Every structure is written in structure tokens, then in C-alpha cells.
Amino acid sequence: MSPPPTTRRILLAVTGLTPQVVTETLYALACRSSPPWIPDEIHLITTATGAENARLNLLLPGGWFHRLCADYGLPAIRFPVSNIHILCDADGKALGDIRTPLHNTLAADFITETVRSLTQPINSELHVSIAGGRKTMGYYLGYALSLYGRPQDRLSHVLVSEPYETNREFYYPTPYDHPIHHRRGDKEITVDARNARVELADIPFVRLRGGLPLELLEGAAKFSQAVAAAQNSGREIGLVFDLAERRVTASGEIVSLSTQNFALLLWMAQRRKAGLGPIQCSKTGNMEAANEFLTICRQLDAEDERTRNSLKSGMDSTWFSPAKTRLHDALTRALGKSGAKPYLIQASGPKKGDRFELTLAAEHIHFKGGR
């Protein structure tokens with residue numbers, strides 16, 4: 001499936017004491033890429049010290065971000081001070097540096113949540129640069145994109161030629177002569193920023209988004225939770241019903257289901273385990289299927305008047321289709337798209353949408369407890 005049309009391009013980077021990576025990356029994207037990729041907005045993740053460095057060197061009137069845009073005639077790019085996201089400690093106080101294991105954990109969670117929120121809009125396109133900041137920050141940013149990245153998102157590292165790479169006076173290759181100073185041994189020499197070569201190295205990454213539960217796609221995300229959920233998507237297949245506790249476990253994960261969802265999945269699983277074929281569920285009601293399902297509901301003390309009335313003329317597609325959708329939504333919310341796939345009710349038979357069954361192999365279905 002191709003990604004949706006993009007209407008919002010976002011550049012996200014981590015920085016430390018060298019805000020130059022922002023202008024270097026922007027230059028490579030806007031002036032060296034073919035076709036040019038010009039962001040609509042720029043976001044930074046950094047420490048309190050890094051934020052002040054970025055503000056003073058990039059965003060003040062005449063700062064290097066504004067100079068780059070003017071030198072190369074770039075269109076308006078949103079980069080207010082509020083787009084500099086500062087890492088905080090457990091008390092919400094801005095961190096000057098990452099120095100303890102707790103700071104490291106907080107940074108991982110902060111970076112993960114920032115990437116999650118920026119990848120949530122369906123029409124956005126995120127370009128992530130891991131060139132700046134501490135190595136752990138770059139690692140977490142790259143891993144967060146692997147967890148939440150979509151087909152349209154990219155990851156890169158900017159490459160700058162010597163002797164400009166480590167020069168704090170260099171921000172981008174200017175389109176005119178611009179002398180900067182460089183130390184070579186015990187001597188100081190002058191070089192021209194115009195002669196620098198700046199390129200981007202695209203970094204391929206594995207996209208794990210499909211394995212994340214909807215709770216972690218739509219709500220606040222901690223790094224450890226997202227990693228654990230992505231690992232769960234690769235767990236051994238298995239569907240276990242604890243009838244005494246009215247609980248179902250899929251791939252080792254307890255799945256929270258309403259009584260009706262539990263009854264529907266249990267019914268499909270019991271039919272599969274017994275070697276029965278798919279149920280027919282078209283516009284005309286299937287009385288046998290309705291009676292089977294109502295029997296399951298009675299066994300679970302879950303039969304209600306509304307369900308009985310809905311199925312009094314047999315189980316038809318008007319009832320079954322939305323019931324199946326609700327079950328699928330619950331499974332996907334708990335297990336993610338790829339994690340839920342083995343446990344979904346599938347259409348089968350010559351007429352699409354006419355017959356349905358759980359296609360999970362019978363040996364992966366287990367029951368315990370009950371009355």
C-alpha cells in the first residue's frame with residue numbers, strides 16, 4: 001500500500017553542543033538532494049544547554065538558520081523556539097546533560113513519545129537526523145523511528161568533509177566566500193566554507209509499527225513498552241482460553257475482550273478445534289449458527305435480550321459483520337496489526353464475505369478451566 005499524499009514535512013534532529021547539524025542537514029536536504037526535500041517545520045530534541053546553544057546560534061535575528069534560508073532562497077520554514085524540545089528529569093526540571101541511568105531512561109521515553117506524536121498525523125512525512133547529540137540520544141531516536149516509522153519516513157546521518165566536520169565556525173557551505181578558522185597542529189589556518197562538501201547518508205531501518213498495539217500508537221509511549229510490544233509481535237502463535245476466568249491469551253498476551261467479543265472468538269475457536277467448516281453468514285439468516293452462538297452465550301451467562309432479538313431470525317451479515325469488526329478492533333488494539341492477524345476471522349468460500357472461519361491451526365488453540 002502506498003503512503004498517503006504528504007502535506008506536512010517535518011525535520012527532526014537531536015543536538016548537543018553542536019547545533020550545526022541542523023543547518024548541515026537542512027542544506028543537504030534542500031540544496032543537495034534531487035529532488036529537493038524542504039521541510040515545513042523543524043523540531044529539535046536536546047538538553048537545556050543544547051537548547052540555548054541552538055537558540056543563540058540558529059534562531060536569533062541573523063542566526064545561521066535564517067542566513068541559510070536567505071542565502072539559498074528557501075521558502076518559509078516553521079522553526080520557533082517552542083519547537084526545541086528539552087529533556088527533563090523526573091520532577092520536570094530541564095536537564096543540562098544526560099549523566100545517570102535515570103536520565104538515560106527519561107531521555108529514551110521522551111524521544112520515543114516525540115517520534116510517536118510526530119508520526120501520528122497520517123499526512124505527515126518525517127525525516128530524522130541522528131547526527132547530533134550524545135550517542136545514546138542518536139540510538140534512541142533511530143530506534144524510536146524503527147518502532148513508529150511509516151513507509152514515507154526517512155533516517156539519515158549528515159557527512160561533512162574535512163576540515164569542516166569538527167569546526168564550530170562551520171554551519172553550511174555558503175554560496176559566497178566565507179573564511180573560517182581551523183587549527184592544524186599548533187597552527188591556525190583559514191579555510192573557505194564555500195568549499196565544504198556536505199552530503200546525507202540514508203540509513204535503512206526496519207519498520208516495526210505494524211506490531212504495536214493501538215494504545216501505544218495513539219497514547220503516550222514509553223521506550224521500554226514499545227520495545228516489548230514489538231518483541232511480542234514475533235512471539236510463538238497460541239490462543240488460550242481460560243473459561244473459568246473468562247480470559248483469553250494470544251501469543252502470550254492477555255487480551256481484554258468484552259463478553260460478546262469473548263463469546264464470538266470462543267465459538268470460532270471451538271469450531272476450528274472440532275474440525276468444523278466455516279459458517280455461512282449471508283443476507284439470509286442462518287438459524288443453526290445463531291443457535292450455536294446463543295448456546296455459547298448461555299454457557300458464559302452472557303445471553304441478553306438484545307442479542308436474542310437480533311438473532312431470532314438467524315445469524316445474518318447485518319449482525320455478524322459489525323460483531324466481527326468489533327472483535328478485530330479489540331484484538332488489533334491489544335496485539336497490533338501484525339500480531340493480531342493470526343487470530344482474525346477470515347472470509348472463505350466461493351463467494352467473498354459469504355463464509356467465515358478462524359484459520360488458526362487447531363493445534364494452536366487450547367482451552368482450560370470451565371464449569
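Read-outs: derived from the displayed coordinates by stated rules, not from any lab. For clarity, every value in this text was computed on a predicted model and none was experimentally measured. Cβ: placed from backbone, ideal geometry, glycine included. Neighbour counts: every protein chain shown.
Neighbour counts of C-beta atoms inside 10 Å place V206, V198 in the sequence V206, V198, starting with the fewest.
Using a/c under 1.5 as the rounded threshold, could you call the stretch 1-149 rounded, prolate or oblate? The axes a ≥ b ≥ c are square roots of the C-alpha gyration tensor eigenvalues, and prolate needs a/b larger than b/c, oblate otherwise. Please list the in-between numbers first.
On the way: a/c = 2.02, a/b = 1.22, b/c = 1.66.
Oblate, because a/c is 1.5 or more while a/b does not exceed b/c.
With both residues required to sit in the chain, DSSP beta bridges show an antiparallel share near 55%.
Would you order T307, T7, T259 from fewest to most other beta-carbon atoms within 10 Å of each residue's own beta-carbon?
Values: T307 19, T7 11, T259 15.
Least to most surrounded, the residues fall as T7, T259, T307.
Taking only the Cα atoms of the chain, how large is their convex hull per residue, in Å³?
Hull volume normalised by residue count: 184 Å³.
Considering only Cα-Cα distances, which of the following residue pairs are longer than 21 Å: K283/K337; K312/K341; K273/K324; K273/K312; K135/K187? Before the final figure, lay out the partial values.
Values: K283/K337 29 Å; K312/K341 31 Å; K273/K324 19 Å; K273/K312 27 Å; K135/K187 30 Å.
Correct reply: K283/K337; K312/K341; K273/K312; K135/K187.
In a reduced charge model with +1 at each Lys and Arg Cβ and -1 at each Asp and Glu Cβ, the stretch 8-230 shows a dipole moment near 180 debye about its Cα centre.
Percent relative contact order of the stretch 1-128, based on C-alpha pairs within less than 8 angstrom and at least six residues apart? List each step's numbers first, then the result.
Working: 169 pairs, mean separation 42.9, N = 128.
Answer for the stretch 1-128 is 34 percent.
Residues whose amide H lies under 5 Å from that of L344, counting only those 5 or more places away or on a different chain, are absent; hydrogens are built 1.01 Å from N in the peptide plane. Taken along the Cα-to-beta-carbon direction at a fixed 7 Å, the label points for E236 and S117 span 4.1 nm.
Overall form of the stretch 80-185: oblate. Here a/c, set by the Cα gyration tensor axes a ≥ b ≥ c, is 1.5 or more, and a/b is not larger than b/c. Separation of the stretch 79-132 from the stretch 280-353 is 43 Å, based on Cα centroids. For the stretch 286-371, just say rounded, prolate or oblate: build the C-alpha gyration tensor, square-root its eigenvalues into a ≥ b ≥ c, call rounded for a/c under 1.5, and beyond that prolate if a/b exceeds b/c, oblate if not. Oblate, since a/c reaches 1.5 and b/c is not below a/b. Of the residues H127, H366, the one with the fewest other Cβ atoms within 10 Å heads the list, and the complete ranking is H366, H127. Between the exposed loop cleavage positions of the chain, defined as GluC sites (Glu not before Pro) in a non-H, G, I, E, B DSSP state with at most 12 neighbouring beta-carbon atoms within 10 angstrom, the longest gap is 1-235. Working from label points 7 Å from Cα in the Cα-to-Cβ sense, the A76 to T325 distance is 4.1 nm. Where only DSSP H runs of four or more residues are counted, the chain gives -10500 deg cm²/dmol as its mean residue ellipticity at 222 nm, each run worth -39500 (n - 2.57). Ranking S258, S321, G277 by how far each Cα lies toward the positive end of the dipole of the stretch 236-368 (charges on Cβ) leaves S321 at the top. Modelled this way, with points 7 Å down the Cα-to-C-beta line, the labels at R168 and T7 are 4.4 nm from one another.
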